[in-house]
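Engineer: For reference, the structure I am asking about is given below.
The values are calculated or read from the model by the stated rules, or taken from the named source; none is laboratory data. On a predicted model such as this, the values are computed, not experimentally measured, just so you know. All Cβ positions, even for glycine, are placed from backbone atoms using ideal geometry, and neighbour counts span all protein chains on display. Note: areas computed on protein heavy atoms with side chains; ligands, DNA, RNA excluded. Shrake-Rupley method; radii C 1.70, N 1.55, O 1.52, S 1.80 Å.
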Amino acid sequence: SDAPMVKALSKQADVYSFAYGQNVPFETVVKDSKLRESIATLRKLGYTDIVLVGHSAGGLIARQFVEDYPDAGVTKVVQISAPNAGTPLASFVVPGSQKAFVEGLKVDSRKKCLQDRCDKKIPAHVQFICVVVRNEGDSPSDGIVPCASQWSEDLRKQGIGALLISGTHREIVREETLANTIATLLREKQD
């Protein structure tokens, strides 16, 4: 509750955290988790503006959720440093219990996933923005995920917008100034 991102977001909205295990493929997290049920509960409580903010693989979960459940009630997605087209680092880091989860983040795995799901699109009624994070200078990545993967070609073809922010994969959600920038995106309409 004292994280910079939570503090920044909670100035203008109620913030609920969705935790998930990283010991299954992220597709399983979307399908078998309680995210859909939790959003339905928020809607029953009277919430009409439901925004999913997803960092890294959490952004992939948010994306796949709105693609698979377009009528669940999500109104906006802010995807931060998400490896939409995969990350080469997933090929090198394979922790034992996280192997299935990390496998889905590999470039080849994401390519196949996007091909298999080519009929799935971001619903027109869901505002969606990719926050592309890039290390200082002309770096092509945030240190973990290449910029071209964060705002992948399939999203560009759908007309999904992007905002470029200087920072690193870790500091984007841990640094107060950057967290405030993300919070600003919640207030603004995303075409």
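Engineer: Take the chain, mark every one of the GluC sites (Glu not before Pro) that falls in a DSSP loop and has at most 12 other Cβ within 10 Å, then report the longest stretch left between them, sites excluded.
Structural biologist: Within the chain, the longest run free of exposed GluC sites (Glu not before Pro) spans 1-135.
Engineer: Taking a probe of 1.4 Å, how large is the accessible area per residue of the chain, in Å²? Spell out each step's value before the answer.
Structural biologist: Working: 10120 Å² over 191 residues.
Using a 1.4 Å probe on heavy atoms only, each residue of the chain averages 53 Å².
Engineer: Add -39500 (n - 2.57) for each DSSP H run of 4 or more in the chain, then divide by its residues: what number comes out at 222 nm, to the nearest 500 deg cm²/dmol? Can you show the working numbers first?
Structural biologist: Numbers: 9 runs with 72 residues, N = 191.
It comes out at -10000 deg cm²/dmol, rounded to the nearest 500.
Engineer: Now a separate question. How long is the gain from GLU153 to ALA40 if the chain were fully straight, where each residue apart is worth 0.36 nm and the alpha carbon distance is subtracted?
Structural biologist: Numbers: separation 113, 0.36 × 113 = 40.68 nm, distance 3.15 nm.
Fully extending the segment from GLU153 to ALA40 adds 37.5 nm.
Engineer: Give me the dipole magnitude in Debye, nearest 20, for the chain about the Cα centre, with unit charges on the beta carbon: positive for Lys and Arg, negative for Asp and Glu. Don't skip to the end; give the middle numbers.
Structural biologist: Values: 24 positive and 23 negative charges, 59 e Å.
That gives the chain a dipole magnitude of about 280 debye.
Engineer: In the chain, carbon and sulfur make up what percent of the accessible area (probe 1.4 Å)? Please report the intermediate quantities before stating the final value.
Structural biologist: Details: 5240 of 10120 Å².
Result for the chain: 52 percent of the exposed heavy-atom area is carbon or sulfur.
Engineer: Of the chymotrypsin sites (Phe, Trp or Tyr not before Pro) in segment 70-166, which ones lie in a loop per DSSP and count no more than 15 other C-beta atoms within 10 Å? Show your work: numbers first, answer last.
Structural biologist: Working: sites: PHE92, PHE101, PHE128, TRP151; in loops: PHE92, TRP151.
Within segment 70-166, the qualifying chymotrypsin sites (Phe, Trp or Tyr not before Pro) (loop, at most 15 other Cβ atoms within 10 Å) are PHE92.
Engineer: Of all DSSP beta bridges located in segment 48-191, what percent are antiparallel, nearest 5? Before the final figure, lay out each step's value.
Structural biologist: Working: 1 of 18 bridges.
That works out to approximately 5 percent antiparallel.
Engineer: List the lysines whose alpha-carbon lies under 20 Å from that of LYS11, not counting same-chain residues fewer than 8 positions away?
Structural biologist: Partners within reach: LYS76, LYS189.
Engineer: Cα extents of segment 33-104 along the three principal axes, largest first, in whole Å?
Structural biologist: Taking max minus min along each principal axis of the Cα atoms, segment 33-104 gives 45, 21, 17 Å.
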